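Input: a single structure, listed below in structure tokens.
Values in this text are rule-based calculations from the coordinates and carry no lab data. What you see is a predicted model; the values in this text were computed from it and never measured. As a convention, Cβ positions derive from the backbone with ideal geometry for all residues, glycine included, and neighbour counts pool all protein chains shown.
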Amino acid sequence: MEKKEKNSFFKSFMAIRGIGQVITVTIGLIILCIVFGILSPTFFSGRNVTNLLRQVAPILLVGIGQSFVLITGNIDLSIGSVIGMSTMISATLMTRGLNPWLAVIITLAACLVVGVVNGTLVAKFNLPPFIATLGTMTVARGIAQIVNNNYNTDAIGDAAQGFRDFFYYGKTLGIYNPVWIAIILFLIFNFILSRTRTGRHTYAVGSNIEAAKLSGVNVFAAVLKVYLVSSFCACVVGLITCATAGMGTMDAGNMYEMYAVAASVIGGVSTLGGQGLLFGTVIGASIWGVLQNGLQFVGAPVGMRNVVIGFIVIVSVLLDVIIRTGRKPRKKAN
């Protein structure tokens, strides 16, 4: 009887959509850690592990936001620019004497507006998400540039030390606060995605949007929510970036849209929509961080690190397409 219950639990666990790839990439992460640990004994040093966790936290956060969007079958290219906008708005307000926490609230409101615009353009006006978010990406980067008259900001000053401690330098139970922020937001959004009606609607829209409409799902609300989640996560990463540098830089967040996609698809979130687990995004972000960190330890140039990660992203998406369609992608006619 007990054996049957164990078999039943195992079958139910393995039946979870996307769990197979999560297990595969988890094994891959373990192998990567072992390899880099052998190549460089300092890889597992306490200091490096601490720095690695702090390095992975922002990638996990943008990965969570992108995962929500990808599960609906859409994409958000504005993530990196929203990070830059968040960094510059918050830093500019603080350098002009505004209370740091009031600056955080204003920055969050501004970033959420981008999420509203993205969701409205995609779900209400049926703009292709690539085009809609490409446009808001450009607008958000422009805002990042003009808020301080096309200059990076000065240092945010001693008055913002509490802000910097909360978002970067501070520790709780021996772990840096950015790691705790990433863990808490992961738990919250994982609960929303896996245990609430909002999560069910998110998967339904990505699986079959017409069937979702016939089932009574409010597609506009579902898509709007995922873009709000994406903008919120990007805003938090922008605040972490501001706290890290102690100033605002106009190019903050560059390439983060790629990092977000990498964390998501490596972790098993389908670019075709309707499939993916946020735990997989944790593993995907960790693989990204381990690769960057480990390749740096073995002396690989920055260009080579980017080539390796880009190759892994392409292979991950290709495998997803092959598995989901049941065949190799057709060659386009000449």
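Brief remarks follow.
- Anisotropy class of the stretch 163-220 from Cα gyration tensor, a/c 1.5 cut: prolate
- For the stretch 222-334, alpha-carbon Rg over 2.2 N^0.38 Å: 1.25
- Cα-based Lys pair tally, the chain, threshold under 25 Å, eight or more apart or on separate chains: 4
- Cα-Cα P(r), the chain, percent of pairs per 20 Å interval: 30, 57, 12, 0
- Helix screen, the chain: DSSP H segments with Cα axial length of 20 Å or more and mean Kyte-Doolittle hydropathy at least -1.0 are 19-39, 46-71, 79-95, 100-119, 129-146, 177-195, 219-245, 278-297, 302-325.
- Ordering of 60-68, 279-287 by burial proxy (mean other Cβ atoms within 10 Å per residue, highest first): 60-68, 279-287
- Across the chain, the mean sequence separation of Cα contacts (distance under 8 Å, 6 or more residues apart), normalised by length, yields a relative contact order of 32 percent.
- Exposed trypsin sites (Lys or Arg not before Pro) absent - longest run of the chain, DSSP non-H/G/I/E/B, at most 12 other C-beta within 10 Å: 97-326
- Pairs of Cα atoms farther than 14 Å apart, the stretch 131-206, %: 77 percent
- For Met258, Met85, Met94, Met304, order by how many other beta-carbon atoms lie within 10 Å, fewest first: Met304, Met258, Met94, Met85
- Hull volume per residue, based on the alpha-carbon atoms of the stretch 94-145 and their convex hull, is 64 Å³.
- With Cα atoms defining each centre, the stretch 62-76 and the stretch 187-220 are spaced 13 Å apart in the structure.
- Alpha-carbon geometry of the stretch 237-297: the Rg and the Dmax are 13.8, 40 Å, given in that order.
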